[in-house]
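J.: Supplied in structure tokens, the structure appears directly below.
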Amino acid sequence: MTALPTLVIDFDSTIVRLEGLDELARLALASDPGRDKAIATIEGITRQGMEGTIGIDESLERRLKAVRIGRRHVEEVVKLLRRNISPSFKRLRSAIRRNADRIHVVSSGFREYVEPICVDLGMKAEHIHCNTFTWSKEGVVTGFDRKSSLAKPGGKAAIVRSLKLAKPVVAVGDGATDCEIRDHGAADEFVAYCENVERDSVVQRADRVVRSLDEVLWLFEMPGSPSFPKSRMVALLLENIHPDAAEALRQEGYRVEALSDALNEAELSRSIRGVSLLGIRSKTQVTAKALAGADRLLAVGCFCIGTEQVDLGAASDRGVAVFNAPYSNTRSVVELAIGEIVMLLRRATESSALLHQGTWRKSAAGCREVRGRTLGIVGYGHIGSQLSVLAEALGMQVLFFDLEERLALGNATKCDSLNELLGKADIVTLHVDGRASNRNLIGERQLKRMRQGSLLLNLSRGHIVDIDALARALRSGHIAGAAVDVFPEEPLSNKDPFLSPLRGIPNVILTPHVGGSTAEAQQSIGTFVAARLIEYVNAGNTGGAVNLPPIQLAGMPRAHRFLHLHRNQPGILAAINAILAKRKINILGQGLRTDERVGYVITDVNKTYDSDVIAELKAIPGTIRFRVLY
């Protein structure tokens with residue numbers, strides 16, 4: 001269609017997630033002993049009306065006879081419906097206001113609760129067409145205005161015809177009466193709206209099927225429409241990511257697919273096709289080969305601290321942003337480390353294993369207090385420094401070593417070298433990142449430098465410690481105990497076996513990569529990373545991205561936003577601005593940042609541009625990815 005359409009939108013289960021009259025009945029029946037049976041009857045009548053098996057007049061009459069409704073109940077249902085506005089309508093208030101002249105609400109519901117909600121969203125009161133209640137002097141509903149066309153079969157179509165709306169007219173809703181608007185010649189198209197309810201009988205009659213207001217605006221190229229609707233974008237979450245992340249993405253309108261296991265390279269390469277957002281934890285390896293199958297991927301969210309499981313260079317080359325949660329599970333890892341130090345010093349796991357076998361062995365041999373021990377922390381970042389504070393509070397002396405200059409907290413002492421720390425500490429705990437240079441940071445030579453009878457903890461990365469060398473040091477007695485949470489090779493799922501040379505060695509605590517696996521940490525990580533992904537898609541901002549230059553550019557009202565990711569080469573910004581200047585397009589705001597690999601430009605412009613401008617910007621040599629955001 002070349003002309004912008006007039007949208008005729010249903011209310012119940014479309015603009016709001018609920019059926020207003022049903023919820024009103026539920027409130028009015030709250031103290032009725034036969035409440036459940038009455039509500040089931042009312043909901044059944046509603047379904048019959050929606051599916052077109054009974055007329056709207058019969059549906060309204062039978063429902064209102066089943067319940068006594070007062071003005072207080074109407075006030076309560078308005079509050080309830082305000083809390084249950086469909087997510088995409090809530091999200092797109094500004095677009096609704098911009099298109100208010102082209103939007104009419106035609107509902108078999110009642111003006112007393114429909115109008116307040118629609119006006120709140122920016123729709124015009126005179127464009128809202130509904131039934132109305134009739135009231136007794138005592139403020140009780142006695143029925144409805146039977147003269148209204150909307151109280152009769154075919155009423156929606158009759159109302160729309162009487163309005164003489166500018167064509168084309170598009171009916172949007174989830175019920176058979178919405179489809180009738182087109183069937184009776186009052187609309188050019190019927191769009192089945194399935195954000196909240198999907199009825200097969202209605203979908204089968206539709207010209208198009210949508211799952212959000214974003215899609216409606218996008219399909220008809222209306223002002224405020226997104227460059228691509230979120231309801232057509234897939235977010236694939238792997239490795240049992242916290243449900244809060246999935247819910248946040250669903251609330252934004254994405255289709256979310258969640259799997260509990262990791263995927264290997266071949267599986268990921270197949271599954272990633274058509275995916276816009278990918279969420280992983282530590283086991284899924286996002287390689288260049290896997291990324292080659294990504295035809296729509298915008299961003300990868302690592303719902304963990306590390307990002308070494310992602311080929312960051314390959315992601316940058318494809319214009320895929322990568323985000324992580326560098327701080328969200330800090331406390332959880334620290335608490336596990338403290339607990340394991342206590343358990344190792346007391347040889348508690350050995351005693352527990354013997355008791356489970358039926359052997360009573362009460363002895364203080366080899367058991368020590370935490371107080372007075374020297375803790376050596378390798379890596380004094382967020383986890384290491386917080387561990388330092390808690391360890392000191394327990395009476396430990398703290399040494400630390402880090403390649404970067406770090407401020408010592410409390411009475412912690414910085415060592416000049418790793419060897420110095422290894423030679424002085426009773427317990428060594430590792431909290432370094434997964435960079436390649438840290439592979440086998442603790443090998444045979446380093447283990448020999450550790451004090452006789454000392455302890456080693458690794459809650460950082462599996463390849464940091466030479467596991468075979470550690471097993472030999474433990475069996476020889478040079479190292480008295482160890483706690484290991486991460487391994488060079490880890491099973492992809494809970495169904496796969498765990499193999500390690502550390503199995504069966506006394507005073508060794510093995511945990512299955514659960515340092516950050518607390519309810520609190522996983523919820524925090526899920527919320528944090530999902531928010532970064534949403535911010536990147538919504539605004540193009542790369543704050544927190546680990547592989548793209550960071551830009552945070554505030555949004556401009558009445559602007560379009562262009563995102564241009566390119567290879568870091570001279571002249572790109574000049575080329576962008578030359579194209580805009582040639583077309584006399586005013587720049588309202590702009591930001592450029594580069595790193596050694598890529599450059600990133602965010603540009604806000606006024607509304608006067610055409611598709612040729614987009615083609616020219618995409619054709620600039622060195623362009624990796626170009627997006628029109630809004």
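J.: What are the residues in segment 232-274 that are of a type in the set (A, V, I, L, M, F, W, C) and in contact with an Asp or Glu (Cβ under 8 Å, 6 or more places away or on another chain), if any?
T.: VAL234, ALA235, LEU236, LEU237, LEU238, LEU259, ALA262
J.: Restricting to segment 475-509, name every residue that is more than 30 Å from ALA321 (Cβ to Cβ) and crowded, with 16+ Cβ neighbours inside 10 Å.
T.: ILE479, ALA480, GLY481, ALA482, ALA483, VAL484, SER500, LEU502, ILE505, ASN507, VAL508, ILE509
J.: Which of the numbered conditions does ASP595 fail, given that it passes all the others? Conditions: (1) out of contact with any helix residue (DSSP H, G or I) (no Cβ under 9 Å at 6 or more places or on another chain); (2) loosely packed, with under 15 Cβ neighbours inside 10 Å; (3) farther than 30 Å from HIS478 by Cβ.
T.: (1)
J.: Just the residues that are more than 24 Å from ARG368 (Cα to Cα) and either surrounded by 15 or more Cβ atoms within 10 Å (Cβ to Cβ) or without any contact (Cβ under 8 Å) to a residue 24 or more places away in the chain (or both), please, taken from segment 414-438.
T.: Answer for segment 414-438, where residues must be more than 24 Å from ARG368 (Cα to Cα) and either surrounded by 15 or more Cβ atoms within 10 Å (Cβ to Cβ) or without any contact (Cβ under 8 Å) to a residue 24 or more places away in the chain (or both): LYS414, CYS415, ASP416, SER417, LEU418, VAL432, ASP433, GLY434, ALA436, SER437, ASN438.
J.: A further question on this structure: Out of all the residues in segment 42-88, which are of a type in the set (Gly, Ala, Ser), within 15 Å of ARG26 (Cα to Cα) and part of a loop (DSSP other than H, G, I, E, B)?
T.: Of everything in segment 42-88, just one residue is of a type in the set (Gly, Ala, Ser), within 15 Å of ARG26 (Cα to Cα) and part of a loop (DSSP other than H, G, I, E, B), namely ALA66.
J.: Any residue in segment 400-413 that is within 15 Å of LEU430 (Cβ to Cβ) and without any contact (Cβ under 8 Å) to a residue 60 or more places away in the chain sitting within a Cβ distance under 9 Å of a residue that is loosely packed, with under 11 Cβ neighbours inside 10 Å and of a type in the set (D, E, K, R)? List the pairs, counting only those 6 or more apart or interchain.
T.: Taking only residues 6 or more apart or on different chains, the pairs are PHE401/ASP416.
J.: Take segment 321-333 and flag every residue that is out of contact with any strand residue (DSSP E or B) (no Cβ under 6 Å at 6 or more places or on another chain) and either at pLDDT 95 or above or assigned to a helix (DSSP H, G or I) (or both).
T.: Of everything in segment 321-333, those that are out of contact with any strand residue (DSSP E or B) (no Cβ under 6 Å at 6 or more places or on another chain) and either at pLDDT 95 or above or assigned to a helix (DSSP H, G or I) (or both) turn out to be THR330, ARG331, SER332, VAL333.
J.: Anything in segment 76-113 that is surrounded by 21 or more Cβ atoms within 10 Å (Cβ to Cβ) and among the acidic types (Asp, Glu)? List them, or say none.
T.: The answer is GLU112, and nothing else.
J.: Quick one: is ARG347 modelled with pLDDT under 95 and under 15 Å from SER454 (Cα atoms)?
T.: So ARG347 passes the test.
J.: Name every residue in segment 195-236 that is among the aliphatic types (A, V, I, L, M), more than 13 Å from ASP174 (Cβ to Cβ) and assigned to a loop (DSSP other than H, G, I, E, B), in order of residue number.
T.: Within segment 195-236, MET222, MET233 meet the criteria.
J.: Can you tell me how many residues within segment 473-507 are more than 23 Å from ILE341 (Cβ to Cβ) and of a type in the set (Lys, Arg)?
T.: The qualifying residues number 1.
J.: For segment 37-57, give me each residue that is more than 23 Å from ASP178 (Cβ to Cβ) and either under 36 Å from the mean Cα position of the chain (by Cα) or in contact (Cβ under 8 Å) with a residue 12 or more places away in the chain (or both).
T.: Those that are more than 23 Å from ASP178 (Cβ to Cβ) and either under 36 Å from the mean Cα position of the chain (by Cα) or in contact (Cβ under 8 Å) with a residue 12 or more places away in the chain (or both): ALA38, ILE39, ALA40, THR41.
J.: Being among the aliphatic types (A, V, I, L, M) and surrounded by 19 or more Cβ atoms within 10 Å (Cβ to Cβ), is that true of even one residue in segment 344-357?
T.: yes
J.: Also: Provide a single number: the residues in segment 531-556 that are out of contact with any strand residue (DSSP E or B) (no Cβ under 8 Å at 6 or more places or on another chain), in a helix (DSSP H, G or I) and either under 20 Å from GLY313 (Cα atoms) or hydrophobic (A, V, I, L, M, F, W, C) (or both).
T.: Looking only at that region, the number is 2.
J.: Quick one: is ALA192 over 37 Å from the mean Cα position of the chain (by Cα) and not acidic (Asp, Glu)?
T.: Criteria not met by ALA192.
J.: In segment 582-598, which residues are among the polar types (S, T, N, Q) and either part of a loop (DSSP other than H, G, I, E, B) or within 30 Å of ASP311 (Cβ to Cβ) (or both)?
T.: The answer is ASN586, THR594.
J.: Looking at LEU409, is it assigned by TED's automatic domain parsing to the domain that holds HIS513 and either closer than 23 Å to ARG346 by Cα or assigned to a strand (DSSP E or B) (or both)?
T.: So LEU409 fails the test.
J.: Scan segment 527-582 residue by residue and report those that are β-branched (Val, Ile, Thr) and within 20 Å of ALA321 (Cβ to Cβ).
T.: THR527, VAL529, ILE534, VAL537, THR542, VAL546, ILE551, ILE572, ILE576
J.: The conditions are (1) touching a helix residue (DSSP H, G or I) at 6+ places or on another chain (Cβ under 7 Å); (2) under 22 Å from CYS415 (Cβ atoms), and ALA325 fails exactly one of them. Which is it?
T.: The failed condition is (2).
J.: Scan segment 286-308 residue by residue and report those that are within 15 Å of PHE323 (Cα to Cα) and assigned to a loop (DSSP other than H, G, I, E, B).
T.: LEU297, LEU298, PHE303, CYS304, ILE305, GLY306, THR307, GLU308
J.: Test VAL234 against the stated conditions and say whether it is of a type in the set (Val, Ile, Thr) and over 21 Å from the mean Cα position of the chain (by Cα).
T.: no
J.: Taking segment 334-393 as the search range and keeping residues that are of a type in the set (Ser, Thr, Tyr) and in a loop (DSSP other than H, G, I, E, B), which one is nearest to the chain's Cα centre (by Cα)?
T.: TYR380
J.: Restricting to segment 590-621, give me the number of residues that are under 22 Å from LEU298 (Cβ atoms) and not aliphatic (A, V, I, L, M).
T.: 12
J.: Checking VAL514 against (1) closer than 18 Å to THR284 by Cα; (2) among the aliphatic types (A, V, I, L, M); (3) crowded, with 17+ Cβ neighbours inside 10 Å; (4) touching an Asp or Glu at 6+ places or on another chain (Cβ under 7 Å): exactly one of these is not met. Which one?
T.: Exception for VAL514: condition (3).
J.: Only residues that are of a type in the set (S, T, N, Q) and surrounded by fewer than 18 Cβ atoms within 10 Å (Cβ to Cβ): list them for segment 287-335, please.
T.: THR287, the sole residue that qualifies.
J.: Would you be able to tell me the number of residues in segment 86-100 that are in contact with an Asp or Glu (Cβ under 8 Å, 6 or more places away or on another chain) and of a type outside the set (Ser, Thr, Tyr)?
T.: 3
J.: Right, here's the next one. Among the residues in segment 19-30, are any outside any helix (DSSP H, G or I), modelled with pLDDT of 85 or more and crowded, with 17+ Cβ neighbours inside 10 Å?
T.: yes
The values are calculated or read from the model by the stated rules, or taken from the named source; none is laboratory data. What you see is a predicted model; the values in this text were computed from it and never measured. Counting neighbours? That spans all protein chains shown, and the Cβs are built from the backbone with ideal geometry, glycine included.
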